[in-house]
Amino acid sequence: MIEMRQIQVFLAVSELLNFSRAAEKIHLTQPTVSGHLKTLERYLKVQLVERGGKEVRLTPAGELFHPFAQRIFTLQERARREMSLYTGAERGSLEIGGSNTPGQYILPKMIGLFTARHKQVKITLKIGDSNAIITQVADGKLELGLVGTPAPETEFISKKCLGDELILIANPKTAAKLSNPIDFNELKRLPFIIREKGSGTRQAMQSALQKRGLESLDTLNLVAEMGSAEAIRQALKSDLGVAIVSSLSVAEDLESGKLTKIMLPEGPIQRHFYLISNRDRRLSPLAEALSQFILS
């Protein structure tokens, strides 16, 4: 039989391509790591790893086995978590994901307030674009995610919460030369900075602008694509263009006068964030408590 320790060893070696570092990562000795790997190879009747001096790499058979090993390990961890829930175990730790805007400007404060009331709790926040967080919730790597776009109802439970505004922002020097409110003809001529594909902000902006008469984002003068609201904020302060961003990300700059808001046709774009969980997974007591805290 394949043992879970063998799977863990194979995944560590395939990730690090170094027996010493793999042994250190999973708290085993190097001979023990080599022994587990050789036992796995004997069972499968194939060589999984090429060992040539200091160089270590997966064989074609190892490459083929790798995704199966990942699935086996993930399923084992999911089974452990589910049985912990069944027996009422409470470990006091939780990983939650947030897309860039809620992950940077909403969740840190909420987690702080929540942990102030629950002193024995540890919450780890993972930040990525909306698509990345949705994928991690689907894979069981995260129990909860707060994202800027609803997830597919067939796989997820999405609960609408926390309203937000997307607004057009520019450096004050640029804003002084523009109409306010602006029209689409003028907007199309300006250097426009946009969020990356997979961003909930980008998806909400694209949908709203098309409903207001903009043919597509390609009609804008796109000069840069950036992976976070913070990167766009700094670019705007350097007068590299204009952008549509969450009002949360630029609140301090608007108040200080470092950036200026320009009215869009039909006003700001209204949107919501969504708290998502995997439809096929039961939330842990801690995740359920945090979910109720966020929604309230």
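What follows is calculated from the coordinates using simple rules that are stated; it is not laboratory data. This structure is a prediction, so every number in the text was calculated from the model and none was measured. Reconstructed Cβ throughout: ideal geometry from the backbone, glycine too, with neighbour counts over all protein chains shown.
Here are some notes:
- Given the choices (1) 1.10; (2) 1.26; (3) 1.49, Cα Rg over 2.2 N^0.38 Å derived from the coordinates of this structure is entry (2).
- Computed about the Cα centre, the dipole magnitude for the stretch 4-86 is approximately 140 debye when only Lys and Arg (+1) and Asp and Glu (-1) carry charge, each at its Cβ.
- Simple spin-label estimate for residue 153 and residue 79 gives 3.4 nm between the two label positions (7 Å along the Cα-to-Cβ direction from each Cα).
- Dipole magnitude of the chain, debye to nearest 20 (Cβ charges: Lys/Arg +1, Asp/Glu -1, about Cα centre): 600
- Cα-based reach from residue 25 at 12 Å (exclusive), listing aspartates and glutamates while leaving out same-chain residues under 8 positions away: 15
- As a rough footprinting exposure proxy, the listed residues 274, 43 were ranked by other beta carbons within 10 Å of their own, and the order from fewest upward is 43, 274.
- Set of aspartates and glutamates with alpha-carbon distance to residue 122 below 16 Å, sequence-local pairs under 8 removed: 90, 95, 143, 288
- Hull-based mean projected area of the stretch 4-86, where the convex hull spans the alpha carbons, in square nanometres: 5.6
- Too-long pairs where the Cα-Cα distance tops 20 Å, listed order kept, from 188/261; 188/211; 109/258; 177/261; 109/261: 109/258; 109/261
- In the chain, taking the dipole from charged Cβ atoms about the Cα centre, the farthest positive-side position among 17, 257, 154 is held by 17.
- Convex hull volume of the Cα atoms of the stretch 163-271, normalised per residue: 91 Å³.
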